[in-house]
Every structure is written in structure tokens, then in C-alpha cells.
1. Among the candidates Arg339, Arg314, single out the residue that is in contact with a Ser or Thr (Cβ under 8 Å, 6 or more places away or on another chain) and touching a residue at least 40 places away in the same chain (Cβ under 8 Å).
2. Please go through (1) part of a helix (DSSP H, G or I); (2) closer than 28 Å to Gly243 by Cβ; (3) open to solvent by less than 40 Å² (accessible area, probe 1.4 Å) for Ala106 and return the number of the only condition it doesn't satisfy.
3. Which one of Ala83, Ala70, Ala115 is at pLDDT below 95 and open to solvent by less than 10 Å² (accessible area, probe 1.4 Å)?
4. Farther than 22 Å from Ile242 by Cα, at pLDDT 95 or above, assigned to a helix (DSSP H, G or I) and open to solvent by 40 Å² or more (accessible area, probe 1.4 Å) - does that describe any residue in segment 322-329?
5. Identify the residue in segment 169-205 that is out of contact with any helix residue (DSSP H, G or I) (no Cβ under 7 Å at 6 or more places or on another chain) and among the small types (Gly, Ala, Ser) and, among all such residues, is surrounded by the most Cβ atoms within 10 Å (Cβ to Cβ).
6. Any idea how many residues of segment 206-218 are touching a helix residue (DSSP H, G or I) at 6+ places or on another chain (Cβ under 8 Å), open to solvent by 40 Å² or more (accessible area, probe 1.4 Å) and charged (D, E, K, R)?
7. Would you mention how many residues in segment 129-168 are part of a helix (DSSP H, G or I), of a type in the set (Val, Ile, Thr) and open to solvent by 10 Å² or more (accessible area, probe 1.4 Å)?
8. Restricting to segment 276-299, give me the number of residues that are in contact with a helix residue (DSSP H, G or I) (Cβ under 6 Å, 6 or more places away or on another chain), part of a helix (DSSP H, G or I) and open to solvent by 60 Å² or more (accessible area, probe 1.4 Å).
Amino acid sequence: MTGSKVPLLSVLTGETCAPPPLWLMRQAGRYLPEYREVRKTVPSFLDLCLIPRLAAEVTLQPLRRFSFDASIVFSDILIMPFALGQAVAFVEGEGPKLDPIRDGAALARLDPVVAATKLSPVYETVERVVAELPAAVPLIGFCGAPWTVATYMVEGAGSKDQAAARTLAYRDPSLFQAMIDMIVETSTTYLVGQVAAGCRALQIFDSWSGSLPEDAFARWCIAPTKEIVARVKRQMPEIPIIGFPRGAGPSAVRYASETGVDGVGCDTSLPLAWIAKELQPQVPVQGNLDPVLLAAGGPELDVRVGQILAELGRGPFIFNLGHGILPDTPIAHVERLVRLVKGDSVA
């Protein structure tokens, strides 16, 4: 099926679709009771990501409930350090825990060569999902951006300010560059592998890009993402790539122009009028409903959805959230959102 018949792919070529295509970041996850039931059957979140039969099942679950225009493979951005050989665990109630990498000896213990083998379950998941999806609903593959992945690898966990990674980047930029280069190489292989298995679009999540000042943003966010995009496009020039530089603010314009991405995901903080004036004329945009508002529901949800559609629906636009859906989001609110975006009647 050609891109002109697939709304999400059409938008990423610069077309305007009415209504716009809709999918949600983290649309497969804890807000769905069927996901929670599957999650109970495995010891850890990482196990769920690496068992293709189960990962495919939870990837498909939201498509059975909602008229989304895309699916996204169920995995996690920290599959990358795991594949490289860093110890990664997901602790209930605490989040991810990794053995921190803060010197050359620790970095040298990682092995990009074996990463492909460790990532093969994700490729099988992709194949299983694609076999079940309607032709008009593309599967999106993804990876974490090098900067964001590196923040976890250096910190050994999530953090509020990414101080450990920022400190290492300032104090030993050559070591930090070596880490970034390793992530770029392995992420490129990973994205290409997902496309080869059947993904028809890609997204690069730079969840912590907003923690860097302008010069560091250019070096650690724009440059590595540009390299990944260029490498993927050399092998698969037709594959559209969405970049999501969360927290980038006005730097999103430079990110769009320099990385070569085909679309830019916009976080909740970006004003709609600014997106429409400064960013959307340059590149298709995606976003940016507040996930908290979706969870809260009520009249404010209806109003904001209408504002987003009115401001961004006049150009190439993919409706999404400004970040991932929250676990306490009522299913009825998602159902209402779909009706609002699709232009169906709501009670």
C-alpha cells in the first residue's frame, strides 16, 4: 500500500489529512486491564519486552479497542544499553536501574557486536505484529536518542536533571563522545532491523533533550540524531523518521532543520500558535495534548482537543500526546478523544 493511502505516512510526506491521523505514545501499557493481565505472567518488564509472543500481544491490544492510525512496537529505549551488555533492571515502584558507566574501563566492557543478537526478539515481535495489522495501520519502530540513552547509562537510573551525564560530557567529552558514537552505531542497526522486519515509520525519542543548553544541545542531541537519520536513510531512503526532542523549546526549529527528520513530535509546553508559525511550515508536526488532561477528562479535554485541531489541523499534523499516556487514564477518556479527533459525535 502506498503512503497516499495511509494517513500517517501521507502526513510525513507533507500532506494535510482531515481528520489527522491519531496514535498515542505509550498506547500499549498499564492503563489497559488486558495489558496488566499479560504483565502478571512474566517476572519483569524487560522479560515482557523480550518475549515476542507477549510483546506482540500487548502491541496489538490498543488497536483492538481504539481506531488508532498507527501502532508502535512494544519495547523500551533501555533495550539499547541492555543489548550492549550493560546490566539493566526495572524495579517496581522505582524505575530502571543500571550499572553506571563513568569511565573508559566500564565503557570498554560494552560490546556492539553482540547487540544484534540480543535485539533479535524485537524483530520477531515486529514480524508478528505486522502479520496482524490492517494495511492502513503502519507499525512504528523506535529507539531512544543517544543523549537520552546515555543519561541513563551514566546515571544508572532516571534523574530529574541528568547531572551525571552532563558532568561527564563537560569533564571528559572524548569519553562521552565514544559512548554516543557507540549508541549511534547500535541504534542505526536496530532501526534498520525493525524496518527490515516490517516497520513502516520510525521515531527517535529524545526525552531529556530539554536539560541541555544551546551549544550542548547542538552537540549531543542534534549531531547524533542527524547521524542516525543519515545512516538509516542511506540504507532505507523511503522510511519516514519522527524526532521527539522533548523540552527543546525554540531549539526544535533548529533540530528540525538540521537532523533531517521527516516529522517533529511536540511536547505539551510548546504553544500551538508557535508550532503553527515556526515549526509546521518547515516539517510535519505531531502532538501535543497534555497526558494529564487526557487522564482528567471533562469539558477541558473537549476544548483543548478542539484548539489543537483548529490550530494544527490546517497543515501536516499527527494528533498525539505531548508525552506518554499515564497509567491512571480512564479508557472512556481515550474513547472520547478518538471520537473528538475523528469528528464523530460525542455525548
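1. On the way: Arg339 fails: touching a residue at least 40 places away in the same chain (Cβ under 8 Å).
Exactly one residue qualifies, and that residue is Arg314.
2. All conditions pass for Ala106, except number (2).
3. Numbers: Ala83 fails: at pLDDT below 95; Ala70 fails: at pLDDT below 95.
Selected residue: Ala115, the only one of Ala83, Ala70, Ala115 that is at pLDDT below 95 and open to solvent by less than 10 Å² (accessible area, probe 1.4 Å).
4. Start the filter on segment 322-329 by keeping residues that are farther than 22 Å from Ile242 by Cα, which leaves 327-329.
Pick out the ones that are also at pLDDT 95 or above and you get 327-329.
Next, from what is left, pick out any that are assigned to a helix (DSSP H, G or I): none.
Within segment 322-329, not a single residue is farther than 22 Å from Ile242 by Cα, at pLDDT 95 or above, assigned to a helix (DSSP H, G or I) and open to solvent by 40 Å² or more (accessible area, probe 1.4 Å).
5. To start, the set of residues in segment 169-205 that are out of contact with any helix residue (DSSP H, G or I) (no Cβ under 7 Å at 6 or more places or on another chain) comprises 170-174, 177, 181, 195-196, 203.
Applying the additional criterion that residues be among the small types (Gly, Ala, Ser) yields 174, 196.
Working: Ser174: 7, Ala196: 14.
Within segment 169-205, the match that is surrounded by the most Cβ atoms within 10 Å (Cβ to Cβ) is Ala196.
6. Start the filter on segment 206-218 by keeping residues that are touching a helix residue (DSSP H, G or I) at 6+ places or on another chain (Cβ under 8 Å), which leaves 206-209, 211-212, 214, 216-218.
Narrowing further to those that are open to solvent by 40 Å² or more (accessible area, probe 1.4 Å): 208, 214.
This time we only want the ones that are charged (D, E, K, R), so: 214.
Of the residues in segment 206-218, 1 are touching a helix residue (DSSP H, G or I) at 6+ places or on another chain (Cβ under 8 Å), open to solvent by 40 Å² or more (accessible area, probe 1.4 Å) and charged (D, E, K, R).
7. Narrowing segment 129-168 to residues part of a helix (DSSP H, G or I): 129-132, 146-155, 163-168.
In the following step, the residues that additionally are of a type in the set (Val, Ile, Thr) were identified as 129-130, 148-149, 151, 154, 167.
Among the residues that remain, those that are also open to solvent by 10 Å² or more (accessible area, probe 1.4 Å) are: 130, 167.
Of the residues in segment 129-168, 2 are part of a helix (DSSP H, G or I), of a type in the set (Val, Ile, Thr) and open to solvent by 10 Å² or more (accessible area, probe 1.4 Å).
8. 1
The values are calculated or read from the model by the stated rules, or taken from the named source; none is laboratory data. Note that the structure is predicted; figures quoted are calculated from it, not measured. Using ideal geometry, Cβ is built from the backbone for each residue, glycine included, and neighbour counts are taken over all protein chains shown. Heavy atoms of the whole protein, side chains included, go into the accessibility calculation; ligands, DNA and RNA do not. Shrake-Rupley method; radii C 1.70, N 1.55, O 1.52, S 1.80 Å.
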